[in-house]
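Data block below; observations after.
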Amino acid sequence: MKLMIFGIDALPPDILFENIDLFPNMKKLCDKGVQCDYDAYAYGYGSRDNWVSLYTGLTPKQHGVVNNQYKDTGREPILDDYKDKQPFWQIFTDNEITIGMWKALSTTPPEAVEGYMISGEISYEEDSDENPYASLEPIFNKKDKHLAKYIVGNIEKQPIPKSSEDLGYTWDELSKNPKLASEILKADYFCESVEYLEENLKYFETNMINMQKKNPVDICFFYTQLIDYIAHFQLHDKEKKEVIKAMKLVDAFIGKIINKFNPENIIVISDHGIKSWDSNFLNADIEMQKEMFGLRNEAIWLENGAIVIKARNQGFLSAMHDIKGTFIACGELIKHSNIKDMRTVDFYPTLLELFGITIPEDREGFVLDIFKEKNIVNTKKLLTENIVVRKKIAIIQNIDIPKFNNLLNEVFLQHRFCDITVIGEKRYKESFLCNSRINRVVFIEDNKIKRDELLKYDKVFISYKNDMTNHVSYYEI
């Protein structure tokens, strides 16, 4: 096998890299190859937006999947929505490179590729039974239906986190009594999801190994949504025990697959990270946190400082998607080096470069400088330090923090290789300092911003919010 890709939804780079000794298989990859926490789409963007960007090398606005919906359809994206955007499996098929896709997000209904595509995904919504594309069973394209004989066992339906009623109280009762909420919401609140992950990975281990023996491919892509699912309901625990336990299971799975497949190159990638709600506020007191938290009216502040809100499935939601994703690469063609400035759209061109394939037009991403002893095909796309010209951008904050964070995120995504300074109110210091997309903070004093300060920047933006329409944007000064 030439390449094994592990797509681990929401694999948090901060927890992973800060505790890397707990994950020996991924540590081995990092020690020999490259690793980074890269800039992903979050704050107004969803998992499907990110994965379709990883598949196609296009931004969400280019491929049309924003906030987990395709354009104005009001539904989640399906493969038919972006199959004309040259996802990487089509490129490999055109180049007679075989690929096996295992239940990647938003790849239903599956299409014919050189190799095989197995679709069907878990749906975590209450109305999942009404979703025609949700399926725990493997879904094959007509060409590949004969491969179903190599699949053994079944994936059971995922557990649902307990609601307040399941624990004997109404949400309103717990909202009025945070002490009680803290007592009943144990550190292992959703431990059954970790047990489910363990069984789920056994299913994939057995069937992926069997399929590769019976129907070998050059590239294998594996995907799991379950780290995302578990972490959303387990990050009220400051020690992150269940999340780390789940990540250990994934690490062990990665090790077993690598040992069986012996791939020439290996990639581990997540679409974004995941963090507890309260991690956005550092040491701010609760009253200030409530001022900065957009969901303040729906939240319960636990005694350990964690914040929970009621999820759509009625569970205690304690975490949100984070702007940093995980990227690890190792193998015969990968050198041991550091990566800077990686973004979601760089994965696709880097993947194609690994196989010496020319990148299609209209891709904004770069080829990461991670290769050794290889003639680079897409030389104009190679991301080296000498092509980076950093610009200084300032954004003046004059709207509420939840809206401002979304706006700041858009400025960052639209301006590559920039250092961002926020000129804003000192009362929001803790929020600014938590945001990894902010390089510097200047506080407004005496209701004045000095002209000399503004002249330090290549561009200056001021935030704008229309209170009638709730539309948020920015003006360039």
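The values are calculated or read from the model by the stated rules, or taken from the named source; none is laboratory data. Everything quoted here is computed from the prediction, not taken from an experiment. Positions of Cβ are backbone-derived with ideal geometry, glycine not excepted, and every protein chain shown enters the neighbour counts.
Tabulated data
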{"read-out": "Condition met for Glu287 (free of Cβ contacts under 8 Å to residues at least 12 places away in the same chain, more than 18 Å from Cys191 (Cβ to Cβ) and not assigned by the TED database to the domain that holds Glu96)", "value": "yes"}
{"read-out": "Residue in region 210-245 that is surrounded by the fewest Cβ atoms within 10 Å (Cβ to Cβ), counting only those that are among the acidic types (Asp, Glu) and outside any helix (DSSP H, G or I)", "value": "Glu239"}
{"read-out": "Of all residues making up region 71-85, the number that are more than 18 Å from the chain's Cα centre (by Cα) and buried (at least 21 other Cβ atoms within 10 Å of the Cβ)", "value": "1"}
{"read-out": "Residue match in region 389-397 (condition: surrounded by 15 or more Cβ atoms within 10 Å (Cβ to Cβ), modelled with pLDDT under 95 and of a type in the set (Val, Ile, Thr))", "value": "no"}
{"read-out": "Count - residues of region 96-121 that are touching a strand residue (DSSP E or B) at 6+ places or on another chain (Cβ under 7 Å), under 25 Å from Ala10 (Cα atoms) and among the polar types (S, T, N, Q)", "value": "3"}
{"read-out": "Residue in region 415-430 that is over 26 Å from Glu385 (Cβ atoms), assigned to a helix (DSSP H, G or I) and among the aliphatic types (A, V, I, L, M) present", "value": "no"}
{"read-out": "Subset of region 165-196 that is surrounded by 13 or more Cβ atoms within 10 Å (Cβ to Cβ) and among the β-branched types (Val, Ile, Thr) - its residue that is nearest to the chain's Cα centre (by Cα)", "value": "Val194"}
{"read-out": "Single unsatisfied condition, Glu303 versus (1) in contact with a helix residue (DSSP H, G or I) (Cβ under 8 Å, 6 or more places away or on another chain); (2) assigned by the TED database to the domain that holds Ile97; (3) surrounded by fewer than 16 Cβ atoms within 10 Å (Cβ to Cβ)", "value": "(2)"}
{"read-out": "Answer residue from region 398-421, given it is of a type in the set (D, E, K, R) and under 20 Å from the mean Cα position of the chain (by Cα) and is surrounded by the fewest Cβ atoms within 10 Å (Cβ to Cβ) among those", "value": "Glu410"}
{"read-out": "Failed criterion for Asn200 (all others in (1) at pLDDT below 95; (2) surrounded by fewer than 24 Cβ atoms within 10 Å (Cβ to Cβ); (3) touching a helix residue (DSSP H, G or I) at 6+ places or on another chain (Cβ under 9 Å) hold)", "value": "(1)"}
{"read-out": "Pair list, Cβ under 8 Å, 6 or more apart: region 21-37 residue at negative phi and surrounded by fewer than 21 Cβ atoms within 10 Å (Cβ to Cβ), other residue in a helix (DSSP H, G or I) and aromatic (Phe, Trp, Tyr)", "value": "Cys30/Phe17"}
{"read-out": "Subset of region 444-464 that is outside any loop (DSSP other than H, G, I, E, B) and in contact with a strand residue (DSSP E or B) (Cβ under 8 Å, 6 or more places away or on another chain) - its residue that is farthest from Val411 (Cα to Cα)", "value": "Glu453"}
{"read-out": "Top-ranked residue of region 54-68 - restricted to ones that are touching a Pro at 6+ places or on another chain (Cβ under 6 Å) and part of a helix (DSSP H, G or I), ranked as surrounded by the fewest Cβ atoms within 10 Å (Cβ to Cβ)", "value": "Thr56"}
{"read-out": "Among residues of region 69-117, those that are in contact with a Gly (Cβ under 7 Å, 6 or more places away or on another chain), in contact (Cβ under 8 Å) with a residue 12 or more places away in the chain and part of a loop (DSSP other than H, G, I, E, B), counted", "value": "4"}
{"read-out": "Any hit, region 330-338, residues being among the polar types (S, T, N, Q), under 24 Å from the mean Cα position of the chain (by Cα), more than 26 Å from Tyr43 (Cβ to Cβ) and surrounded by fewer than 21 Cβ atoms within 10 Å (Cβ to Cβ)", "value": "yes"}
{"read-out": "Checking Glu130 against (1) loosely packed, with under 12 Cβ neighbours inside 10 Å; (2) under 30 Å from Lys241 (Cβ atoms); (3) of a type in the set (Asp, Glu), the condition it does not meet", "value": "(2)"}
{"read-out": "The one condition in (1) farther than 17 Å from Tyr45 by Cβ; (2) in a loop (DSSP other than H, G, I, E, B); (3) assigned by the TED database to the domain that holds Asp9 that Phe327 fails to fulfil", "value": "(2)"}
{"read-out": "Wholly enclosed strands (runs of 3 or more DSSP E) of region 256-302 bearing at least 1 residues farther than 23 Å from Leu3 by Cα", "value": "273-276, 299-301"}
{"read-out": "Candidates Tyr428, Tyr348, filtered to the one that is under 20 Å from Phe92 (Cα atoms) and buried (at least 18 other Cβ atoms within 10 Å of the Cβ)", "value": "Tyr348"}
{"read-out": "Number of positions in region 255-306 that are out of contact with any strand residue (DSSP E or B) (no Cβ under 9 Å at 6 or more places or on another chain), basic (Lys, Arg) and under 22 Å from Leu226 (Cα atoms)", "value": "1"}
